[in-house]
Amino acid sequence: MTLRIVPVSRADARAFVLDHHRHHFDPTAWIAQFGAAVDNVLVGVGIIGLPVARALASGERSTVELLRTATDGTRNANSMLSRNGWHLARALGYERLITYTQAGESGASLRAAGFRILAQRPARGGWDMPSRPRSPRLCESCGEPIRTSGVARTLWEVSA
């Protein structure tokens, strides 16, 4: 049983996240996706894209965000995906990879992949602000709003 990185289609990455991620659905847009497999069976996916937070999205190609990792629980798959996200970001010319964990998530797989804590972010009401109104994103299968607001987060980074 050897865990390895494999290419994965956009559709397969989207489906895997919808089936396996604990609290998020697939991102609306991203740059690249990749998978982890054991014996040719997909056990996890990673997705990188431009930072969601505008303040972290510089006009240069310096920062990219690990938007999602999702696994079926296979040991070390999340660490491998996080580390591969950094290798892919570097190969694409980026100098820094960021990601977030929610309160209650240890970040052990990120530490194992070389990430360090950059900041603690307090819980917030959501993305809807007077300066940029946002409608809540709805679950594709049940039509309910996606509820990820009101949770404190930790910002992580790995850089050159």
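Just so you know, all these numbers are worked out from the coordinates, no wet-lab data involved. This is a predicted model, so every value here is computed, not measured. Positions of Cβ are backbone-derived with ideal geometry, glycine not excepted, and every protein chain shown enters the neighbour counts.
What net charge is computed for the residues neighbouring ALA119, neighbours being all others with C-beta under 12 Å from the C-beta of ALA119, Lys and Arg scored +1, Asp and Glu -1?
Overall, the nearby charge balance is +2.
Measure off 7 Å from each Cα along the Cα-to-Cβ vector at ARG10 and ALA152, then give the distance between these two points in nanometres to one decimal.
In this crude label model, ARG10 to ALA152 measures out at 3.8 nm.
So, by mean Cβ neighbours within 10 angstrom, what's the order for 104-113, 89-98 with the highest one leading?
Per-residue Cβ counts within 10 Å, averaged per peptide and sorted highest first, yield 89-98, 104-113.
Report the extension gain between ASP72 and ALA29 in nm, rounded to one decimal, defined as 0.36 nm multiplied by the number of residues separating them, less their alpha carbon distance.
Result: 13.2 nm gained on full extension.
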